[in-house]
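To keep things clear, I will list the structure first and then write my remarks on it.
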Amino acid sequence: MTDAATPARSDGPTVGLTGYGVYVPDDTVSGEEIAAESGVPEDVVVEKMGVRQKHVCPPDDDHVTDMCVTAAEDALADAGVAPAELDAVLFHGSEYKDHVVWSAAANVAERIGAEDAFASESYALCAGAPVALRQARAQLVADAPETMLLVAASREEDLVDYGNEASSFMFNFGSGASAVVLERDPADPLATVRESAAVTDGSFSEDVVMPAGGSKQPPSHATVDAGLHTLDVPDPEGMKERLADTSIENFLSVADAALERSDYDRDDLDFAALTHVKRSFHDLLLDELDAAGYYLDEFGHVQSVDQVLALDRGREAGLVDPGDLLVFLAAGTGYTWAATVLEWHGR
């Protein structure tokens, strides 16, 4: 299912990103430690997988909502927005959170003091950031909200079994959170949010699963004893082969579609905030797009936090300047590829 060929919508009110925040826990795991625990050679972990280190959460601290609250408070301060001014809070992070069948968004809204905001959640796994920006922009243009907070966090590193070679592409999973404030027709935005595009190939929908814990195989003593509560890839070689044939094409397709809808093309693009992928694929994407990017090899893959984290570190590294054109470019198992274009103004 794809919308990459759908024409752009007519122009509406301007939606600006007026502030953002990021948070990562203090604890880290090095590429050397991942190699020792998994049996994968250290040079493969560090150079091929692209993980020099990653940040991880202590077992009893830094739950998803804790990290979201910290990032949200920084984003609101950056935007100069009081929590009571928020009209909506949207959580687009991991489905693995403090509790199951539970609203992290409502919890975050309550804890930051967003008393007048309604709370909702959106899940596109690791494609969540551009999809959430698209959804929030549409709400701000078409509906009553004027100010929205988007929050995301992940500690899916908890779900990785380093003894399962089939799930080795997830050994890069790290922990952290991000938050952005979006406003309709702001006076002084950091960035203007432009158009988006997305593509889904549902033939990958059962390629990455946690076998137990859902309605098909509810949790029990037997499922815990059998180790069925970590992420698994039933057919790793088959998934890798099929992804090799489609992933680069779909990444570029959604990037081009989002750029075209925003009245740009690749020649205009300056910086791509990418999902953390293996180093060679990251470099290939940047070469194809002819854009700068920041490789998150000291963080690993932090689900839908990656894009804001890459933007933040890219700014610190001097890779993002006022007047630059950015794309948030992501992919998530399922498999969905998504892109959103931003015009960066800085401050």
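Each value in this text was obtained by applying a stated rule to the coordinates, not by laboratory testing. From a predicted model like this one, the values you see are computed outputs, not experimental measurements. Positions of Cβ are generated from backbone atoms using ideal geometry, with glycine treated the same way; all protein chains shown enter the neighbour counts.
What to note about this one:
- Remark: region 193-344 carries a charge dipole of roughly 640 debye about the Cα centre, counting +1 on each Lys and Arg Cβ and -1 on each Asp and Glu Cβ.
- As a length-normalised measure over Cα pairs under 8 Å and 6 or more apart, the relative contact order of region 153-207 settles at 31 percent.
- Calculated FRET value between Arg279 and Asp61, using beta carbons and R₀ = 35 Å, to 0.05: 0.70
- The alpha carbons of the chain stretch over 55, 44, 37 Å along the principal axes, in descending order.
- Assuming charge only on the beta carbon of Lys and Arg (+1) and of Asp and Glu (-1), the dipole of the chain about its Cα centre is about 520 debye to the nearest 20.
- Added length on full extension, which subtracts the Cα-Cα distance from 0.36 nm per residue, Val100 to Asp268: 56.2 nm
- The order of Val51, Val29, going from fewest to most other C-beta atoms within 10 Å of their C-beta, is Val29, Val51.
- Cα pair distances in region 116-172, grouped into 5 Å bins until the bin that holds the longest one, percent each: 4, 14, 22, 17, 13, 9, 8, 7, 5, 2
- Between Pro59, Tyr123, Val233, the Cα set farthest toward the positive side of the dipole of the chain (charges on each charged residue's Cβ, about the Cα centre) is that of Tyr123.
- For the chain, complete DSSP H runs whose alpha carbons reach 20 Å or more along their own long axis and whose mean Kyte-Doolittle score is 0.0 or higher are 64-79, 128-142.
- Sorted largest first, extent of region 76-122 alpha carbons per principal axis (Å): 32, 19, 16
- Of every Cα-Cα pair in region 210-262, the percent that sits beyond 12 Å: 73
- Relative contact order %, region 193-344, counting alpha carbon pairs below 8 Å whose residues are six or more apart: 35
- Alpha-carbon geometry of region 150-190: the Rg and the Dmax are 17.0, 52 Å, given in that order.
- Mean Cα-pair separation over length for the chain, i.e. relative contact order, pairs under 8 Å, 6 or more apart, %: 25
- In terms of other Cβ atoms within 10 Å, Cys57, Cys126 run from fewest to most in the order Cys57, Cys126.
- Gyration tensor over alpha-carbon atoms, region 29-91, equivalent ellipsoid semi-axes in Å: 37, 13, 9
- Normalised alpha carbon radius of gyration of region 193-344 [divisor 2.2 N^0.38 Å]: 1.19
- Contour excess over end-to-end distance, with Cα ends at His221 and Asp287 and 0.36 nm allotted per residue: 18.8 nm
- Along the axis of the charge dipole computed for the chain (Cβ charges of +1 for Lys and Arg, -1 for Asp and Glu, origin at the Cα centre), the listed residues Val341, Val209, Ala88 are led at the positive end by Ala88.
- Gyration tensor verdict on region 15-189 (Cα atoms; rounded if a/c is under 1.5, prolate if a/b is larger than b/c, oblate otherwise): prolate
- Full-extension gain in nm, Asp26 to Ala244, via 0.36 nm per residue minus C-alpha separation: 75.0 nm
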